[in-house]
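Quick notes on the structure that follows.
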Amino acid sequence: MSFSNLGLSDKVLAAVAAAGYTQPTPIQEQAIPHVLARRDVLGIAQTGTGKTAAFVLPMLTLLEKGRARARMPRTLILEPTRELAAQVKENFDKYGAGQKLNVALLIGGVSFGDQDSKLTRGVDVLIATPGRLLDHTERGGLLLTGVELLVIDEADRMLDMGFIPDIERICKLVPFTRQTLFFTATMPTEIRRITETFLHNPQKVEVSRPATTAATVSQLVVAAGRESHQKRELLRQLIRSASDLKNAIIFCNRKREVAILHKSLVKHGFGAVALHGDMDQPARMAALEQFRKGEMPLLVASDVAARGLDIPDVSHVFNFDVPHHPDDYVHRVGRTGRAGRSGTAISLVSPADEKSLAAIEKLTGQEIPRSAEHAARPSETAHDEHASREAPRRAGRRKSSGKSSKSEAPAKRPSSPTSAPKPVTFGRAPERHDRSEPADHSHLPAFLLRPIRARA
Ligand code: AMP
């Protein structure tokens, strides 16, 4: 199947070719003809499947006819987070470069005045988070009665974030006759109810069973100790020893843990940024940009902050904590192995996480392979014969010289067959206790080292 068979306009086909896409993804192939035929669509697809272009491309084709009126957007796209809204805007900028469309973003953290003046000029595409959109309608600066097409994206995340009442209010403000495109990765009961209420005879398109992980991602479970510091130490071992690691998103269950882990990784010399809900908008955008550009190879994130973000080419996902909701595991793992690329997802599982892990395996219907090496070896190395012999000598050396020396270069595996771990994928050198010690960076790949920046 090629893009030219889907009914898209010449301008849009040219933009697709310019983007370098040769073939539509399954969700694009299935959804685009229905969107162009003005049908309601219920799309069940994870991020990473190309679902954004599945609605952006046909919308661009439909919007070629007609003009926007002041304060009355022609189309409306609802996104759960500011980052996702900004990402969809980037898609319009990319594919709609040849069209003179007004695309406006209504998200928190941006001044009302600027947003208002944009609305006054007339908007073809309004991309908004629910709260900010309702703020504008309540102020009277925005009328939704001209909306011909409504997109509700990442609906299950909207549910998690408590946005469903807002969505219901917004659906009542747009005309009954509008076309609705509804995307969700999973179908909990509440989402099913919403689709039954607000979609009219929708065409259902489903690209993979809800809650399945992409086949391009190799998954692994590594046994971790109970304590946070043990997990941090294990994580560092895993990062250092993953030979094909280009960049990674590390997920934690709590915002607080995101902040602690981020600080610890930086202290140990890793190039890491954090993304969590307590950060202000400019800080979140800056962190994301550094990660996207490859300036910082590690992104420590919470589920809400990282939800659905399109960061192409993430080689690894680490679950520092196993998520409590099995759906979140699927979303996290979906950050890697995107658009047909291969990826690796590694979960650090402490005894307390076993229940959550079982729930994930039940949901996905897949047993996640366990790393034999790490399961056999505790993350704490105090009982490791080699490590306990080495530790005092290393600590002493660090005291005498702040710099790393050649002799501190990548620690070799012990040669004794009794203490040598089997050469498997993970775990190169047993690591020392680390709580207060200065970090030894000599064995880090250069790209993982934080660029030196002057501190203000
Ligand atoms: P999404 O699921 O919308 O977040 O898209 C995931 C990634 O796939 C994005 O980086 C898109 O640029 C990319 N993408 C979308 N459509 C195609 C396509 N037809 N061929 C190759 N890559 C695509």
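Observations on the model:
- Fully extended contour minus Cα-Cα distance, from Glu367 to Ala352, at 0.36 nm per residue: 3.6 nm
- q = 0.08, 0.09, 0.13, 0.16 Å⁻¹, region 3-206: log10 I(q)/I(0) [Debye, one scatterer per Cα]: -0.24, -0.30, -0.65, -1.02
- Here region 3-206 is assigned +1 on the Cβ of each Lys and Arg and -1 on the Cβ of each Asp and Glu. Its dipole about the Cα centre then comes out at about 660 debye.
- With each label modelled as a point 7 angstrom along the Cα→C-beta vector, the Thr137-Asp244 pair spans 4.7 nm.
The numbers here are math on the coordinates, done by the rules we state, and not lab data. None of these values were measured; they are calculated from a predicted model. All Cβ positions, glycine included, derive from the backbone under ideal geometry; neighbour counts span all protein chains shown.
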